[in-house]
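In what follows, a structure is listed as structure tokens, so that the remarks can point back to it.
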Amino acid sequence: MHVAHLELRDYRNYREASLPLAPGVTVIVGPNGQGKTNLVEAIGYLASGASHRVAGDQPLVRQGEDRAIVRARLRHGDRAVTMEAELNRTGTNRLQVNGQPVRSREARRYLDSVLFAPEDLATVRGEPGGRRRFLDELLAMRQPRMAGVLTDYERVLRQRNTLLKSARASRVGASALGTLDVWDERLAALGAELVSGRDALVAELAPHVAGAYQAIAGAAQEVRLSTETTADGDPDAFLERLRARRSDELERAVTLVGPHRDDLLIELNGMPARTTASHGESWSTALALKLASAELLRETGQAGDPVLVLDDVFAELDAGRRARLVDAVTGYEQVLVTAAVAEDVPAGLVGRTIRIRAGEILGADAEPGDG
Ligand SMILES: Nc1ncnc2c1ncn2[C@@H]1O[C@H](COP(=O)(O)OP(=O)(O)O)[C@@H](O)[C@H]1O
Ligand SMILES: [Mg+2]
């Protein structure tokens, strides 16, 4: 699948933009702060209903305006699909596919994108939250239903934490604890589904990551992925773990058991990448996670090849990794690359160049690989 046309209105620093896009490689060039990431963020927004950079939609609406529009024409083989998102500063947002309203989690059925960005390094080296987000986003992409499970789990978790806090504050006994039992059941049902969903995903992802690591690093390293869970993929066992920690939970007034406390362990040659990988190895791992996601979506997605977006990544990589990343992505139907200067883009990435300045698309050069 590819994006054939993108239109923005009052999105971030764009007042009006209309951009025809083609399959293959498109390089988007412009100095920092001009709107390159904003442009590719808009495509990710259509696919996922959220920005990869901020929580909430308000920052996406152009300053001083009340609503933004992101519209795309997609091509799936010879089938055309139009998607349009309306982001309102106040009130609810709307998403339409071919003119029909759809829920944002359904957008995945029409558009998948995988974004590579400098922040990916934090997936390897940073806090567990980044790795959970990585897994959960991929889970939701592959099974739109899981997006609903995630939202429900987070809501139940918040409510349960509120209850734990009030139980601690008022030192209440039986009645609050009875209510807690009800929340435990819900947490366990939803949480177990997430735990087993992540487990299955990691099992599928692992061989792809190992292969992608080799392709990017150009060197053999044993890469292992495993989930570290505080809970269990079985609701009854999950519930048991909760019960075992209840007194701790009442004391600390937070939920200590569940997928929100879990992590994805990444090992290189038997050592945790988070604490032992070199800078180059961490980059190879981060890129491998994204490439593996793209491969998995390509294999099993309903929408065909995901749109690959490489936002400002080449400037971060050494020559070898640059060249090998180019080899790994060129087979995808559509690849969008952003860079501050054309020299950051490896010569092997041949495609159209689009220039951007202060929220305006200055035009496209027909010349392939034109710097
Ligand atoms: N809601 C908004 N309204 C107006 N301008 C915005 C909004 N959000 C971000 N910007 C502007 O967009 C620019 C950043 O664009 P970005 O795409 O991140 O740049 P880059 O080209 O470096 O990737 C900044 O100048 C920022 O002020
Ligand atoms: Mg940027």
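Scanning segment 10-56 for residues that are under 21 Å from Arg103 (Cα atoms) and touching a residue at least 60 places away in the same chain (Cβ under 8 Å) yields Tyr11, Ile43, Gly44, Leu46, Ala47, Ser48, His52.
The residues in segment 147-168 that are modelled with pLDDT of 95 or more and of a type in the set (A, V, I, L, M) can be counted, and the count is 4. When Gly331 is tested against (1) part of a loop (DSSP other than H, G, I, E, B); (2) in contact (Cβ under 8 Å) with a residue 12 or more places away in the chain, only condition (2) is not met. Looking across segment 302-328, the residues that are within 16 Å of Ala288 (Cβ to Cβ), touching a helix residue (DSSP H, G or I) at 6+ places or on another chain (Cβ under 8 Å) and free of Cβ contacts under 8 Å to residues at least 40 places away in the same chain come down to Leu317, Asp318, Arg322. Looking across Glu119, Glu86, one residue alone is of a type outside the set (Phe, Trp, Tyr) and within 18 Å of Asp57 (Cα to Cα). It is Glu86.
Just so you know, in segment 67-93 the residues that are modelled with pLDDT under 95 and of a type in the set (Lys, Arg) include one that is nearest to Arg298 (Cα to Cα), and it is Arg79. Scanning segment 214-239 for residues that are of a type in the set (Ser, Thr, Tyr) and either outside any loop (DSSP other than H, G, I, E, B) or surrounded by fewer than 21 Cβ atoms within 10 Å (Cβ to Cβ) (or both) returns Ser226, Thr227, Thr230. Tell me, yes or no, whether segment 181-189 has at least one residue that is more than 17 Å from Leu265 (Cβ to Cβ), free of Cβ contacts under 8 Å to residues at least 24 places away in the same chain and surrounded by fewer than 21 Cβ atoms within 10 Å (Cβ to Cβ). Yes, segment 181-189 contains a residue that is more than 17 Å from Leu265 (Cβ to Cβ), free of Cβ contacts under 8 Å to residues at least 24 places away in the same chain and surrounded by fewer than 21 Cβ atoms within 10 Å (Cβ to Cβ). Only one entry in Arg71, Arg53, Arg79 is more than 15 Å from Ala358 (Cα to Cα), within 13 Å of ligand 1 (Cβ to nearest atom) and either out of contact with any Cys (no Cβ under 6 Å at 6 or more places or on another chain) or not acidic (Asp, Glu) (or both), namely Arg53.
Looking only at residues of segment 299-322 that are within 16 Å of ligand 1 (Cβ to nearest atom) and part of a helix (DSSP H, G or I), we find that the one that is farthest from Ile354 (Cα to Cα) is Glu316.
The values are calculated or read from the model by the stated rules, or taken from the named source; none is laboratory data. These figures come from a predicted structure and were not determined experimentally. Cβ sites come from the backbone with ideal geometry, for glycine too, and all protein chains shown count toward neighbours.
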